[in-house]
Every structure is written in C-alpha cells, then in structure tokens.
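Here's the structure, in structure tokens; my notes come after.
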Amino acid sequence: MSPKKRYGLGRGLDALIPGGSDDAPPAAAGVRYVPVTAIRPNPHQPRARMDPAALDELAASIREHGVLQPLIVTRGQREGEFVLVAGERRWRAAQKAGLERVPVLVREVTAQEQLELALIENLQRADLNPLEEAEAYRHLHETFGLTHEEIARRVGKSRAAVTNALRLLQAAPAVQQALLEDRIREGHARALLGLPTHAAQEAALQTVLAQGLSVRQTEALVRKLQGRAQPAPRPKKEASDPLVQRLEARLQAHLGTRVKVQTGPHGGRITLYYYSDEELEALLQRLLRA
C-alpha cells in the first residue's frame, strides 16, 4: 500500500524530510549515522505524553527493520551533540529497541523553526492532544510574536481554528488536566468554558465525569447552570437563492471569514463575522486594501 499523502499542513517539514512517511526508506543524500546518546530531545517539543503501547510497537518494528526514515536534527552547543527537530517517537523507540546509532539528516534551524516543525510533524500524524496543540500555538504567539493568522498559515489551519484552540488555555486547571489525560473531549472543554468562573467549571466537570456525560449533555448542563432553557428547535430555513449562495461563497473566499448576504425588496444587507480582535484587524486590512 502506498503511503498516505498528507494535505493542508505547512510545507516546511516536507522540505526537511525526504519521502514524508515513517514507512519510506531514507534518501541516501545527506544521511549520516550518529550515536543515539549524542541526540537530545527537542526543547520545544509540543507533545507532553507518548502512548507507551504505541512506542513499544514502534520499537518492535525498529528491531526488525531498523529506522527507515531518518531523524531530523540540528547541531547542539557542544561538539558532536545534536538536538532533535522531528522524529522524537523514532528516537525513543530506537532507544527501547537497543540501537546504538540512528540515521539522521542535519539541518540548520532556528528555535522558532524547531517548534514549528515539531508542531507540524505532530499535527500531520494526529499525535497531539488539543491542549498540547494550544500550548504550542501560545508559545509561537508569546515567544516568537506570531499573530493567529501567521500561525494558521504556518501549520495549515484556519485562523478561527487557532483562536478556538487557544481558548482552551482559559479553562480551569482541572478541566485542562482532564482534557490532557483524555478523560474528556475537546467539545466538553469548550462547553465548560461557557461557565464564568473556574470554580463553576470544575464543579460541572465533576458532574460530567461522574455521570459520563456526552458533549451534548454537557452543553445542556452548562445551559442549565447558566439559567438558560433548552433552546427551541429552529424552524426550517427556506432554501437560499443560488445566486446569493454563490455571492456569499465568493465573498467568504476573498475576505477569509464567514459572510451572510440578506436580500429584500428594497436592498438588503451583508454581515461579516469575526472571532477575535486579530481576525477583525485582518478583515479591516483586506477591506481597506480593496
């Protein structure tokens, strides 16, 4: 079976990793073998945890077949020392498998690129917990000064996805811990963010865990705690005019945000949506340039 092609994420990783798949053989050019002990983990690695069972499986494969895809490293501060950029799972599994040397590609990258490439690699392989992903975005924003739009462009996500991920970091510590430990899903955490205080979020979390509530049930619980009734079913909308739909699609593609066009017998209105101050600023820049 051919390797599954990856779409939509930053191109920086593919530029550094020939082949783009754990199962592909390494490109010969530039590959060298270095001692496993000479490699240090990426200090900007966004992933906090690794599945021990999956690591054991990878180690067993490496014992039988070796490390098929070279690790990406950059030179460390000391002579003969290297720092991982991408491939930490393979490096740890190689240690478990008892390998003394592993294939690497040495690349010159900045600290920011180390974080970006580690983040992209994990996103491509769906290895990150939502909270780990959010922490990586915060690091790119606070340490390296990247805007939400710049982060989104680098990792192949929408600005809204980056902004929504960062909102998870506003949740109560207990909610964040439960999300990190996979005891709740991202949807649970987003629902609990609707409660005004950390104490309220943590109290609701205990109910969610004790009763095994689904995301929808958690949303209903939050509405109840907020004193809001269950929303009435929305009436069916009449089918939109195809011309209006096409106009909305063109505007959304051009402006990069949700657009609603409403027409009437004497004109109408166009509504533009934004979800953060940064998105508003980007939208204004596009409109003013236009």
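The values are calculated or read from the model by the stated rules, or taken from the named source; none is laboratory data. All figures in this text were calculated on a predicted structure; none of them were measured in a lab. Cβ placement follows ideal geometry from the backbone for every residue including glycine, while neighbour counts extend to all protein chains displayed.
Which one of these is over 18 Å from E132 (Cβ atoms) and β-branched (V, I, T): V175, V222?
Only one candidate qualifies: V222.
Test R49 against the stated conditions and say whether it is at pLDDT below 70 and either part of a loop (DSSP other than H, G, I, E, B) or of a type outside the set (D, E, K, R) (or both).
Answer is yes for this residue.
Considering only residues that are under 19 Å from K157 (Cα atoms) and not in a helix (DSSP H, G or I), which ones fall in the stretch 241-258?
If the condition is that a residue be under 19 Å from K157 (Cα atoms) and not in a helix (DSSP H, G or I), then G256, T257, R258 are the ones that fit.
Matching residues to (1) at pLDDT 85 or above; (2) assigned to a helix (DSSP H, G or I); (3) at negative phi; (4) crowded, with 16+ Cβ neighbours inside 10 Å:
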| position | (1), (2), (3), (4) |
| --- | --- |
| A136 | no, yes, yes, yes |
| H141 | no, yes, yes, yes |
| G145 | no, no, no, no |
| V162 | yes, yes, yes, yes |
| L168 | yes, yes, yes, yes |
| G187 | yes, yes, yes, no |
| A200 | yes, yes, yes, yes |
| V208 | yes, yes, yes, yes |
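Anything in the stretch 263-274 that is free of Cβ contacts under 8 Å to residues at least 12 places away in the same chain and surrounded by 11 or more Cβ atoms within 10 Å (Cβ to Cβ)? List them, or say none.
none
Residues checked against (1) modelled with pLDDT of 75 or more; (2) crowded, with 18+ Cβ neighbours inside 10 Å; (3) assigned to a strand (DSSP E or B); (4) not assigned by TED's automatic domain parsing to the domain that holds L166:
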{"position": "Q69", "(1), (2), (3), (4)": "yes, yes, no, yes"}
{"position": "V85", "(1), (2), (3), (4)": "yes, yes, yes, yes"}
{"position": "R89", "(1), (2), (3), (4)": "yes, yes, no, yes"}
{"position": "Q95", "(1), (2), (3), (4)": "yes, no, no, yes"}
{"position": "G98", "(1), (2), (3), (4)": "yes, no, no, yes"}
